[in-house]
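Notes for the one structure printed next.
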Amino acid sequence: MKVPYFKPYIGREEEEAVLSVLRSGWLTMGPVTEEFEAKLRDYLGVKEVVAVSSCTAALHLSLLALKIGEGDEVITTPFTFAATGNVIMHVGARPVFVDIETKSYTIDPEGVKEAITERTKAIIPVDYAGHPYDVRAISEIAEDHGLFVIEDAAHALGAEYEGKKVGSLSTTTCFSFYPTKNITTGEGGAIATDDERVAERLRLLRLHGMSKDAWKRYTSVGKWYYEIEECGWKYNMTDLQAAIGIKQLERLDRFIEERRRIAKIYNSELDGLDVITPKEFGNVKHAYHLYPLLLKDYDRDEFIRELGRRGIGCSVHFIPLHLHPFYRKEFGFRPGDFPRSEWVYEREVSLPLYPGLTDEQIRWVVESVKEVIG
């Protein structure tokens, strides 16, 4: 049996939505993108949503909109994808890494307290695998020191913290709609915020700093004249992407429940083995973008090879940033600098987890893991 690590769940509704945009003659950012933003805004319960080309763009624009730049410091975790650290450097600031907690694998609030200096301007907590960061603790720290919180929620669309949707908890929240994420637009991202001034600047910066987008210049709703008000970027979403996103968003709650159902099966079947299974800590609702299984006493790479021989795809999340050649050269990091991140990385395997997995495939994954570990 073949069980790919991931397969996007795309149906006829998405196909028809894309065809409708193609036939409309308007392909770039326009009314469908605005509709997607409005629907996502309502889902999250926030005042503003700005759709962009990727979560990387969302993080970058958030830093720019909050005027973080040369000489500033931004605290984040090394246990994340490269984009989280890279965007800090793109604006001329310095990333300051703090290790993770040992349960949720999100940034350690006590470490954040110790890392704050007079140059610290923001914290970028990362919602790992769909588990929200410790919002209460980080928010209190940020408020005490006058810091922004830019949430990297690439994994956490549909997750909740104390009954509130991720997206409504931070200064800005950045989402990813990459094909492996909880919903997809092919490529794409979005920024959620309750700060209307920040949203206004985000919209300006996502399209060259222009006073008008194409819809307001080339259609009957506007005029051709525009002005460049800031030096911006080409980070807009398109109506083609947004059309897919609208249909995906309609299914999001069902997608999350299916992910949680599969994770529950994995947990119940694998908890007795010599492994650590992912759990919910605190009053949260885990979105289970990933199912990160930690192997206690079994070689991780050999485990992946054995599952591969059984037709099961796996992945690893993440190689900590401080172990990569660029960050080691730029900042002098060494193995051992962030031991908890390294401990998790050395043992972590992401099992297949997505809507569309059949019960037969789920059973095959469970049986294979038991056979290999046993």
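A short reminder: the numbers here are calculations on the coordinates, not readings from a lab. Bear in mind that the values here come from a model prediction, so they are computed numbers and not experimental data. Cβ atoms come from the backbone with ideal geometry, glycine included; neighbour counts cover every protein chain shown.
For H145 and S268, compute 0.36 nm times the residue count separating them, minus their Cα-Cα distance, and round to one decimal in nm.
40.0 nm
At R0 = 30 Å, how high is the FRET efficiency between S211 and E70 if r is their beta carbon distance? Nearest 0.05 is fine.
That pair, S211 with E70, gives E of 0.70.
How big is the Kirkwood radius of the range 253-373, worked out from every pair of different alpha carbons and given in Å to one decimal?
It is 15.7 Å.
Please compute the length gained on full extension between E162 and T102, using 0.36 nm multiplied by the number of residues separating them and subtracting their Cα-Cα distance. Mind dumping the intermediate values first?
Working: separation 60, 0.36 × 60 = 21.60 nm, distance 2.06 nm.
The E162-T102 span can extend by a further 19.5 nm.
In whole Hz, with x marking every Gly and Pro, tabulate ³J(HN,Hα) for the range 107-122 from phi via Karplus 6.51 cos²θ - 1.76 cosθ + 1.60, θ = phi - 60°.
Ordered by residue, 3J(HN,Hα) equals 4, 7, x, 5, x, 4, 4, 6, 8, 6, 10, 5, 8, 5, 10, 7 Hz.
Could you list L290, L22, L169, L59 in order of exposure, starting from the residue whose Cβ has the fewest other Cβ atoms within 10 Å?
Lowest count first: L22, L290, L169, L59.
If you build the convex hull over the alpha carbons only and average its shadow over all orientations, what do you get for the chain? Give it in nm² to one decimal. Intermediate values should be presented prior to the final figure.
On the way: hull surface 75.7 nm².
If I average the Cα hull's projected area over directions, I get 18.9 nm².
State, to one decimal in nm, how far the label point of N86 lies from the label point of S315, with both points 7 Å from Cα in the Cβ direction.
1.5 nm
What is the local net charge at V18, summed over the other residues whose Cβ is closer than 13 Å to its Cβ (Lys, Arg +1; Asp, Glu -1)?
Net local charge, V18 excluded: -2.
Just grab the label-to-label distance for E360 and H324, each label 7 Å out from Cα along the Cβ direction, in nm (one decimal).
Label at E360, label at H324, 4.0 nm between them.
Could I have the simple spin-label model distance between I10 and D253, label points 7 Å from Cα toward Cβ, reported in nm to one decimal?
2.6 nm
Quick one: order L61, L353, L294 by neighbouring beta-carbon count within 10 Å, fewest to most.
Placing the least packed residue first, the sequence is L294, L353, L61.
Which net charge results for the neighbourhood of K47, defined as the other residues with beta-carbon distances under 10 angstrom from its beta-carbon, given Lys and Arg at +1 and Asp and Glu at -1?
Charge balance in the 10 Å sphere: -3.
Which values, in whole Å and largest first, are the semi-axes of the equivalent ellipsoid of the range 142-288 obtained as the square root of 5 times each eigenvalue of the Cα gyration tensor?
So the three semi-axes of the range 142-288 are 37, 20, 12 Å.
Give, as a single signed number, the net charge of other residues whose beta carbon lies under 13 Å from the beta carbon of E151, with Lys and Arg counted +1 and Asp and Glu -1.
-2
Which of C174, C314 has the fewest other C-beta atoms within 10 Å, and how do the rest follow up to the most?
Least crowded to most crowded, the residues run C314, C174.
Round to the nearest 0.05 the FRET efficiency obtained for E367 and E229 when R0 = 51 Å and r is the Cβ-Cβ distance.
After rounding, the FRET efficiency stands at 0.30.
Quick one: which residues, 5+ away or cross-chain, put their amide H under 5 Å from the amide H of Y161? H built at 1.01 Å from N.
Residues meeting the criterion, in which the H sits 1.01 Å from N, are V166, K285.
Quote the relative contact order of the range 12-248 in percent (integer), defining contacts as alpha-carbon pairs under 8 Å separated by 6+ residues.
It rounds to 27 percent for the range 12-248.
Using the Karplus equation 6.51 cos²θ - 1.76 cosθ + 1.60 (θ = phi - 60°), what ³J(HN,Hα) coupling, rounded to whole Hz, does each residue of the range 267-278 give in order, writing x for Gly and Pro?
4, 5, 8, 9, 4, x, 7, 7, 9, 10, 9, x
Using the Karplus equation 6.51 cos²θ - 1.76 cosθ + 1.60 (θ = phi - 60°), what ³J(HN,Hα) coupling, rounded to whole Hz, does each residue of the range 242-247 give in order, writing x for Gly and Pro?
For the range 242-247, the Karplus-derived couplings read 5, 4, 5, x, 4, 6 Hz, x marking Gly and Pro.
What does the extension gain come out to for R94 and L19, with contour length at 0.36 nm per residue minus their alpha carbon separation?
On the way: separation 75, 0.36 × 75 = 27.00 nm, distance 4.44 nm.
Between R94 and L19, full extension yields an extra 22.6 nm.
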